[in-house]
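See below for the structure under consideration.
Only the coordinates and a few stated rules stand behind these numbers; no lab work does. All values derive from a computational prediction rather than experimental measurement. Here the Cβ positions follow ideal geometry from the backbone for every residue, glycine too, while neighbour counts run over all protein chains shown.
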Amino acid sequence: MRGRKVVSLLAAGLTVACSASNSATGADNAAGREAPIASNPPAAARSVSAATAGTTGIGDPYFPGDGNGGYDVTHYALALAYEPRSKHLGGSATIDAKATQELSQFNLDLHGFTVSAVTVNGRPAQFERHGDELTIFSDLRDGAAFKVAVAYAGTPDPVQNSSNLGSYGFIPTADGAFVTCEPNGAKTWFPSNDHPSDKATFDFTLTVPEGVTAIANGELAGTPQTKDGKTTFVWRESNPMVTYLATMTTGKFQVRTGDSPGGIPVYAATDPRFSKSLNSLYDQSARITDYWTTVFGPYPFKSTGGVVDDFAAGYALENQTKPIYGGFEPDEGIIAHELAHQWFGNSLSINRWKDLWLNEGFATYAEWLWSEHRGNGTAQQSFEDAYASATDEIWKYPPGVTRPNDLFNASVYVRGGMALHALRTEIGDTKFFPLLKKWTADHRYGNVTTEQFIDMAEKISGEQLDDLFDAWLFKPAKPASVG
Ligand code: TRP
Ligand code: ZN
């Protein structure tokens, strides 16, 4: 049962790049230049110095166009209506941000759609579209807090045939949409600083046809309201979240809510095709979240849960507070994996995609810890199985620096997990488990790097661990077995 998702992701033999499609989106360009301008002079009339233009990427060499420079987002308020029959998505994104330099223009990432209007601090602003970049012209002081509102509509165009993942982003389904955005698919449904190094809180006001359920991150704010055949769901994620974990999964769902035995609110939902799984999804998600609090430290968010949709993705994504399982009944192993991500990946997020093992290696090791906890084989046995069955490819791919066109390689999962087991074996349980808790406590809601983890492991253990991490994370060769 272990590593089901990995197997399904990788056994499919999908190989190419994760990078989002850069196809130009026909319909998107005209509106901006013709938008009525109130106080802002047209872009052409400005003397834009490069020094005051926010960069078109946030500085991650793996995805140069992802994210943007010159500002930090603090909050996204998304007010969107989705019509499953026509696949039409429209509404507004209102973004609170803070300039980190003097700005004359800055970018958001957005793929497709027609943008009808942009305001900055309530005043109409000039804008342009180039590929997946939305450029907004506005003069802002360094340090200024500002509010951008983007009105847009169109048919979502998810990323297709990506590397190890198939499709991702906003994926229309027969009765709604399956929305899973790692690594950079948020821009397929809202304008954003689409990179995990810029975390923000979120509000979602989602309007769908009556009878359809709209599920987002965080908790419902009040009872959904129905009027004129449409229901509006208001969801609020009050803890920082990376853009790729945002979701507005919609469709027909059966829902069960309550509290875990440990007192954490639980929201579980299944597509009618998986209604038989609702209770086990609910019970296991509750039980596993509770258990992880004893191993990883306090649960970082206000609720937990899970969603099973009938879109046959064959994979799961750790959407904040509500992992989503695409077209299969999840077993304990994969639930343990996705819920471990709530600490590793979601509360503590990577700053750069090269460090992805900090998410996937930890979540894979969590599967081994869960199996150990359940008496289904120790982590040492899981390690030995993984070591024995690892392919040459895994030994050639050091997981400590992912490959940009093969981010979700099995090595990042399995050899990443083995690296943690090697560390545990070296420093012992009395250092290893306190290290996990200190790691999640010190960097709660923040961004982390591999170097920071190695530093903390060395401090807590009092050992020099360069050789161990070199062997398991950084060298393209098979390390000696441990234990
Ligand atoms: N992070 C997911 C996991 O291991 C895998 C994944 C990556 C994914 N990108 C995705 C799943 C996009 C769905 C969509 O649990
Ligand atoms: Zn994972």
Report task. Please turn the phi angles of the range 284-293 into ³J(HN,Hα) values with the Karplus equation 6.51 cos²θ - 1.76 cosθ + 1.60 (θ = phi - 60°), one per residue in order, whole Hz, x for glycine and proline. Result -> 5, 4, 5, 5, 6, 4, 4, 5, 4, 5
Report task. Going by C-beta contacts inside 10 Å, put 62, 76 in order with the fewest on the left. Result -> 62, 76
Report task. Tell me the label-point distance for the pair residue 455, residue 312, using the 7 Å Cα-to-Cβ offset, in nm and rounded to one decimal. Result -> 4.8
Query raised in the report: At what distance in angstrom do the alpha carbon centres of the range 93-137 and the range 142-201 lie from each other?
Result: 15
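Determine the alpha carbon to alpha carbon distance for each of 187/252; 98/227; 396/438; 199/478; 98/230; 199/396 and list only those over 30 Å.
Flagged as over cut-off: 98/227; 396/438; 199/478; 98/230; 199/396.
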Query raised in the report: So which of 302/322; 437/475; 302/354 end up more than 21 Å apart, counting from Cα to Cα?
Result: 437/475; 302/354
Query raised in the report: Going through the range 138-216, which trypsin sites (Lys or Arg not before Pro) have at most 16 other Cβ atoms within 10 Å and a DSSP loop state?
Result: 141
Report summary line: For the range 350-474, shape from the Cα gyration tensor axes a ≥ b ≥ c, cut at a/c of 1.5 then a/b versus b/c, turns out rounded
Query raised in the report: Regarding the chain, what is the average projected area of its C-alpha convex hull, in nm²?
Result: 22.2
Requested in this report: Can you grab the distance from the C-alpha centre of the range 333-406 to the C-alpha centre of the range 261-293, Å, no decimals?
Outcome: 22
